[in-house]
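Reading through the structure tokens given below for one structure.
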Amino acid sequence: MEISSRYNPSEIEDKWYAHWESKGYFHSEPDERESYSIVIPPPNVTGVLHMGHMLNNTIQDVLIRKARLDGKNACWVPGTDHASIATEAKVVRLLREQGIKKSDLSREEFLAHAWEWKEKYGGIILKQLRRLGASCDWERTSFTMDETRSDAVIKAFVDLYNKGKLYRGLRMVNWDPEAQTVLSNEEVLHNEENGHLYHVKYLIEGTEEYITIATTRPETILGDSAVAVHPEDERYQHLRGKNVIVPLVNRVVPIIFDDYVTMDFGTGALKVTPAHDVNDYELGKKHELETIDVFNANGTISEAGQLYIGEDRFAVRKMIKKDLDAAGSLVEVENYRHSIGRSERTNAVVEPRLSLQWYVNMESLAKPALEAVMSDEVCFYPSNQKNLYKHWMENIRDWCISRQLWWGHRIPAWFYKEDVFVAINSEEALAQAKEKYPEISMDDLKQDEDVLDTWFSSWLWPISVFDGFNDPKTLAYYYPTSVLVTGWDIIFLWVARMVMAGYEWEEKRPFKHVYFTGMVRDQKRRKMSKSLGNSPDALKLIDDFGADGVRFGMLSCSPAGGDLLFDEKLCEQGRNFCNKIWNALRLIKGWEVDDEMAQSEINALSVLWIEEKLKELQNSLKDSYSTYRLSEAMMNIYSFVWNDFCSWYLEMIKPAYGAKIDQKTLDQSLNIFSKICTVLHPFMPFITEEVWHTLKTQEGDCMMSLSAKEEAFDKELLSSIEGIKELVGKIRDLRNQHGIKMKEKLDCSVVSTENVKNLYNRNGVTDTLIKLANLGSFSISEKKAQNGIAFVSGADEYVLDVELDVDIDEAIAKAEEELAYQKGFLNSVMKKLSNERFVQNAPEQVVAKEKQKQQDAEDRIKILEQQVKDFKAKT
């Protein structure tokens, strides 16, 4: 079969993905094998593939493909999140473009438009993930609002309500005036912003005296119910029992005394607006103050504000400044930098608002979830995320789960008079109501208009994707899942809540491990975003570099848990790696075979070495996988393939120009190449599948081959060949330094030592050295050769038999420079070995390795000192 001269990913990626799907390799059903399950962090149904998705899903695919190679029943469940706020906003915007207002539609009519949009545009990202090579079980694709997931959500709500862990209450909430819905604390992003501090004076009723307060939100003056001061503040003791007149609206309100007020902050006087500040609300309840809500749901001034009715809050801020100034009530305005809370979804400035909402009592749910993580029953990678988790869980607040939207899971609560009936459906709610009101009919019940927070469906994801509330057998096989791969930024919004849900309904952890990825940033460490123009088009990257090249680029710079500093050059490096593999394939498949030729000692040794080197790699990968150091694993494989296999092994066995290779070596090389494909497959699935089938050494597909078991490897052989590689490198360097052509054969000798005897005792070692270094001869003698270039390799002194005019001063300088380096190296090793804690606590093999470094350095120093002495004798 003729192999293309260039690797073209666009020609093979669709072919192999379709092949894998047609074979059903992605699909999983419970059987006798060990399960390995991952649930995808469901992207918003509105989403398209971006760099964060690329990283997260590449990691998941690496893990799921490795599990298949390990013989496990691997199941990666894909799906999307209905994203209440984001999706409703998109649909409202689309309708507005068509001249339709949401307010002109019934709930059912709006939802019909929303479902139509979802079916047409939703889930694009799942199709895009196929381009990346994501081997998800597409037959299990879930959507947080599909029938199965909706059923789980409703059952969970009713169950919590019946247990007394879910309630309805009037509280101060975070209100998004743009989306016109409540937000949880975790959906509010706080950042320092520039603003103003307005100093306003309030007239003391019946006097000419004023009291001055400072506020960043002068528009809320319209809702003031009091002015508060500290009970021990001497400045205001004479005002006990007095009232003030609120500027502009002329409302008479009391001066209250409360130790909540900080005396040394500003004037020590605080305006109290119970309807628009969390702390003010608590003060209002304590002192029985009037609550005046001056904002409409959209952030405009309500009739209760008396002035500026219908005007936007920020426009009113400018108006009220002028009017306060005109009334003589504005003392001064100063620049002020302070924290502003904005909606994660709409970026609107969030308003505190008093509202009747549904809440989950989190305290009881948090305890087992905190213990699970702190005891490593659920292991975090990296583990330092446990501190963040612990702080949040120990300071957890009740979760507001109702949202003033139509797109989402409608709250299963029905009202009649002052009573509420929570049930799975309207029929059950009616049955409950009839127990108290026998005459009631379905028409009398009114269902809650609100929907549930999107995260209320997401926290059930590891359970609901396996239909855990209805199919306990399937759930028992796949649950707990093996690992969750997600970003640390949703550790509270999602991870913690899933852990709580797991213990609440299954009494066990939802996943064994959580691997937190870092943020994808540019080379300036900026977070990638459209506004900065620093976020590449994910699909274009795949078009330009191939899926394998992009996967390589993402993983090669992604330290475990650390931020990824992305550069397109890394994808280019990945593409070059594919080309390197492809050229190696073309080289091997292009060799002609001599059926009569026996395998040479060089080839036998080379095959043995690369097999042992591969075993060493495979053993190291086990630890890298188990600790999620996937970037390390990727680069170790890269180094092995590029350096050991392509640069050294193929050079060792390559026939001379015009010569042929023996059949045994070729067969062994093809088999080794196939094993390399299996090792590399999780990271670069497309090229490995193509190469695997071109090699034709085994039946079946690379994707379903089996990883090698951990095996002992010949460390002495590996050490010997490393010695030969170092020596060959030194000889090549000397050729370059002295202008000696590579094709010119040289003679080389070394003084016999115990180390030399051991190194060259193995069959094929000397011949391999002669071939790689292009030597005429190589000899081991009892005495050092007097003529030629002396150099140190390993711990031994070699001599190249070359007649050159040597610059003695330059030679002395180089030898002394190397001598200084070796003495410094020896000093660093001795410091480590003189540390009793290191010697006593480090593994035995680690200490032994340091002692060998000490011995080698001492041997080199001895040789170099003699070289310097010999050079100086010639001056």
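The values are calculated or read from the model by the stated rules, or taken from the named source; none is laboratory data. This one's a predicted model, so the numbers in the text were calculated from it and none came from an experiment. Positions of Cβ are generated from backbone atoms using ideal geometry, with glycine treated the same way; all protein chains shown enter the neighbour counts. SASA here: full protein model, heavy atoms, side chains in, ligands and nucleic acids out. Shrake-Rupley method; radii C 1.70, N 1.55, O 1.52, S 1.80 Å.
Taking segment 222-288 as the region of interest, the strands (runs of 3 or more DSSP E) fully inside it that hold 2 or more residues being touching a Leu at 6+ places or on another chain (Cβ under 8 Å) are 226-229, 243-245, 252-257.
Name every residue in segment 538-547 that is touching a Ser or Thr at 6+ places or on another chain (Cβ under 8 Å) and open to solvent by less than 50 Å² (accessible area, probe 1.4 Å), in order of residue number. Matches in segment 538-547: G546 only. Among the residues of segment 814-829, those that are under 16 Å from L734 (Cα atoms) and over 45 Å from the mean Cα position of the chain (by Cα) comprise K814, A815.
Taking the residues in segment 454-496 that are small (G, A, S) and at pLDDT 95 or above as candidates, determine which candidate is surrounded by the most Cβ atoms within 10 Å (Cβ to Cβ). So the residue we want is S464.
In the set (1) open to solvent by 20 Å² or more (accessible area, probe 1.4 Å); (2) within 28 Å of the chain's Cα centre (by Cα); (3) of a type outside the set (S, T, Y); (4) farther than 30 Å from W455 by Cβ, the condition left unmet by W20 is number (1).
Taking into account only those residues within segment 346-402 that are assigned to a strand (DSSP E or B) and over 26 Å from V422 (Cα atoms), which is most open to solvent (accessible area, probe 1.4 Å)? The qualifying residue most open to solvent (accessible area, probe 1.4 Å) is Y381. Taken over segment 719-772, the criterion of being part of a helix (DSSP H, G or I), open to solvent by 20 Å² or more (accessible area, probe 1.4 Å) and of a type in the set (K, R) is satisfied by K725, K730, R732, K757, K771.
Results for (1) under 29 Å from H738 (Cβ atoms); (2) without any contact (Cβ under 8 Å) to a residue 40 or more places away in the chain, shown as yes or no for each residue.
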{"position": "V792", "(1), (2)": "yes, no"}
{"position": "E810", "(1), (2)": "yes, yes"}
{"position": "L819", "(1), (2)": "yes, no"}
{"position": "K823", "(1), (2)": "yes, yes"}
{"position": "S834", "(1), (2)": "no, yes"}
{"position": "A842", "(1), (2)": "no, yes"}
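Results for (1) among the aromatic types (F, W, Y); (2) out of contact with any Pro (no Cβ under 9 Å at 6 or more places or on another chain); (3) under 27 Å from W175 (Cα atoms), shown as yes or no for each residue.
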position	(1), (2), (3)
H338	no, yes, yes
W358	yes, yes, yes
E363	no, yes, yes
S375	no, yes, no
S383	no, yes, no
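Sub-6 Å Cβ pairs linking a first residue in segment 550-575 that is closer than 15 Å to K527 by Cα and open to solvent by 10 Å² or more (accessible area, probe 1.4 Å) to a second residue that is part of a helix (DSSP H, G or I) and of a type in the set (D, E, K, R), at least 6 apart or interchain, number zero. In segment 105-122 there is no residue that is assigned to a strand (DSSP E or B), surrounded by 16 or more Cβ atoms within 10 Å (Cβ to Cβ), within 29 Å of the chain's Cα centre (by Cα) and in contact (Cβ under 8 Å) with a residue 24 or more places away in the chain.
One line per residue, one yes/no per condition, for (1) hydroxyl-bearing (S, T, Y); (2) in contact with a strand residue (DSSP E or B) (Cβ under 8 Å, 6 or more places away or on another chain); (3) within 22 Å of Y281 (Cβ to Cβ):
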{"residue": "Y161", "(1), (2), (3)": "yes, yes, no"}
{"residue": "P177", "(1), (2), (3)": "no, yes, yes"}
{"residue": "E187", "(1), (2), (3)": "no, yes, yes"}
{"residue": "E192", "(1), (2), (3)": "no, yes, no"}
{"residue": "V200", "(1), (2), (3)": "no, yes, yes"}
{"residue": "L203", "(1), (2), (3)": "no, yes, no"}
{"residue": "Y210", "(1), (2), (3)": "yes, yes, no"}
{"residue": "I213", "(1), (2), (3)": "no, yes, yes"}
{"residue": "Y236", "(1), (2), (3)": "yes, yes, no"}
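Scanning segment 257-274 for residues that are surrounded by 24 or more Cβ atoms within 10 Å (Cβ to Cβ) and closer than 9 Å to A228 by Cα gives A269, L270, K271, V272.
Scanning segment 194-221 for residues that are within 19 Å of F314 (Cβ to Cβ) and assigned to a loop (DSSP other than H, G, I, E, B), we see that the one that is most open to solvent (accessible area, probe 1.4 Å) is R217. Applying the set (1) at pLDDT 95 or above; (2) open to solvent by 10 Å² or more (accessible area, probe 1.4 Å); (3) touching a helix residue (DSSP H, G or I) at 6+ places or on another chain (Cβ under 6 Å) to V420 leaves exactly one unmet item: (3). Of the residues making up segment 130-186, those that are at pLDDT 95 or above, open to solvent by less than 10 Å² (accessible area, probe 1.4 Å) and either hydroxyl-bearing (S, T, Y) or part of a helix (DSSP H, G or I) (or both) are L132, S135, S142, T144, A152, V153, A156, F157, L160. Does I672 qualify as being open to solvent by less than 50 Å² (accessible area, probe 1.4 Å) and either charged (D, E, K, R) or more than 32 Å from the chain's Cα centre (by Cα) (or both)? In short, yes. Go through segment 835-848 and give me each residue that's at pLDDT below 80, surrounded by 13 or more Cβ atoms within 10 Å (Cβ to Cβ) and not β-branched (V, I, T). Matches in segment 835-848: A842 only. Within segment 568-591, the set of residues being at pLDDT 95 or above, within 18 Å of E651 (Cβ to Cβ) and among the small types (G, A, S) comprises just one member, A584.
Take the conditions crowded, with 16+ Cβ neighbours inside 10 Å, under 23 Å from Q180 (Cβ atoms) and either within 22 Å of the chain's Cα centre (by Cα) or in contact (Cβ under 8 Å) with a residue 60 or more places away in the chain (or both) and apply them to A89. Does it pass? Spelling it out, A89 is indeed crowded, with 16+ Cβ neighbours inside 10 Å, under 23 Å from Q180 (Cβ atoms) and either within 22 Å of the chain's Cα centre (by Cα) or in contact (Cβ under 8 Å) with a residue 60 or more places away in the chain (or both). Of the residues making up segment 778-803, those that are loosely packed, with under 13 Cβ neighbours inside 10 Å and closer than 17 Å to L734 by Cα are N787, E803.
Here is the figure for segment 36-50: residues that are touching an Asp or Glu at 6+ places or on another chain (Cβ under 7 Å) and open to solvent by less than 10 Å² (accessible area, probe 1.4 Å) total 1.
Within segment 636-666, the residues that satisfy the criterion of being open to solvent by 30 Å² or more (accessible area, probe 1.4 Å) and either farther than 28 Å from A773 by Cβ or part of a loop (DSSP other than H, G, I, E, B) (or both) are K654, A656, Y657, G658, A659, K660. Of all the criteria given as (1) closer than 30 Å to H19 by Cα; (2) in contact (Cβ under 8 Å) with a residue 12 or more places away in the chain, the one not satisfied by S777 is (1). Checking segment 295-315 against the condition returns a match, with at least one residue being out of contact with any Phe, Trp or Tyr (no Cβ under 9 Å at 6 or more places or on another chain), among the polar types (S, T, N, Q), free of Cβ contacts under 8 Å to residues at least 24 places away in the same chain and outside any helix (DSSP H, G or I).
For L608, state whether it is over 25 Å from F686 (Cα atoms) and either outside any helix (DSSP H, G or I) or at pLDDT 95 or above (or both). Against the criterion (over 25 Å from F686 (Cα atoms) and either outside any helix (DSSP H, G or I) or at pLDDT 95 or above (or both)), L608 qualifies. Looking across segment 320-342, just one residue is assigned to a loop (DSSP other than H, G, I, E, B) and either in contact with a helix residue (DSSP H, G or I) (Cβ under 9 Å, 6 or more places away or on another chain) or surrounded by 16 or more Cβ atoms within 10 Å (Cβ to Cβ) (or both), and that is S329.
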